[in-house]
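Where a number appears in this text, it was derived from the coordinates with a stated rule and is not lab data. Predicted, not measured: the structure shown is a model, and the values here were computed from it. Neighbour counts are summed over all protein chains in view; Cβ atoms, including those assigned to glycine, are modelled from backbone coordinates with ideal geometry.
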Amino acid sequence: MFYSLSQVLTRLKSLANPEKVLFKKQKFGIVANNALGVMHSDLNVMAREIGKNETLAIELFETNVYEARILCAKLFPPKKLTNELAEHWVKTFENWEVCDSFSMGVIAKSPLAKQKILNWINRKSEFEKRAGFATMAAYCMADKKAGNEVYESFLPLIIKASTDERLYVKKAVNWALRSIGKRNIDLNKKAIETAETILLIDSPAAQWIAKDAIKELSSAKANVLDYPRSIYRA
């Protein structure tokens with residue numbers, strides 16, 4: 001079935017609930033401009049119905065409607081991502097929800113993933129920098145065949161960023177470290193060693209990142225996976 005921009009916007013507006021805008025702000029710290037109050041569950045239903053659609057996704061983003069931009073991240077085909085689009089999008093990220101939606105849904109799955117990680121983690125903007133580490137975290141599952149050396153190369157970058165005290169940066173740095181540590185048993189050991197190094201740094205952010213990562217990655221309940229399976233399931 002064909003979905004036009006006007007049809008999708010009409011449906012988004014029919015699902016609008018201003019109380020949900022306030023709820024997300026109070027519960028999750030999500031402050032967004034031009035928000036309608038449409039929940040992710042409803043956006044997921046729409047995304048499944050519409051399917052991947054590059055043109056519609058770009059049109060939705062340019063409406064400047066917050067939920068339309070979240071929906072864009074669900075509809076855009078990652079393999080079609082260009083550097084120009086990625087840079088256009090990242091400069092608009094205004095909270096962790098939209099940042100993570102694009103980082104996980106599009107950028108980490110795109111051919112530009114490693115390039116954007118290495119570029120964005122050095123940005124000054126809180127959410128551009130978060131996008132780099134959120135993409136790093138998501139890349140641990142997006143590329144199931146990548147060798148350990150790829151993720152080991154990220155660990156010194158995590159150490160370097162561990163003193164950034166900004167809430168949404170330090171949470172993403174921690175997320176990236178934990179994600180690397182859950183990819184396989186060898187990276188689990190490397191990530192714990194990295195966390196122990198970070199623990200020696202005199203910084204509240206570093207202390208929090210390290211202790212939280214060590215707690216999760218050292219737990220007997222840690223969900224350590226087996227990627228790449230060509231090695232860890234051989």
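Observations, loosely collected:
- By the helix-only formula, in which each DSSP H run with n ≥ 4 contributes -39500 (n - 2.57) and the sum is divided by residues, the chain has a 222 nm mean residue ellipticity of -19500 deg cm²/dmol.
- Cβ-derived FRET efficiency at R0 25 Å, Q7 paired with S41, nearest 0.05: 0.80
- Globularity index of the range 99-234 is 0.97 (Cα radius of gyration / 2.2 N^0.38 Å, N = number of residues).
- Degrees, to the nearest 10: 185-199 long Cα axis against longest axis of the chain: 80
- In this structure, the pairs whose alpha-carbon distance is over 27 Å, taken from K109/K215; K114/K171; K52/K145; K20/K116; K27/K80; K25/K189, are K109/K215; K20/K116; K27/K80; K25/K189.
- Pairs of Cα atoms farther than 33 Å apart, the chain, %: 22
- On the basis of the beta-carbon distance and an R0 of 30 Å, E19 and N64 show a calculated FRET efficiency of 0.85.
- Tilt relative to the chain, helix 204-217 - C-alpha long axis, 0 to 90 degrees, to 10: 80
- 0 to 90° range, to nearest 10: angle between helix 40-50 axis and the chain longest Cα axis: 70
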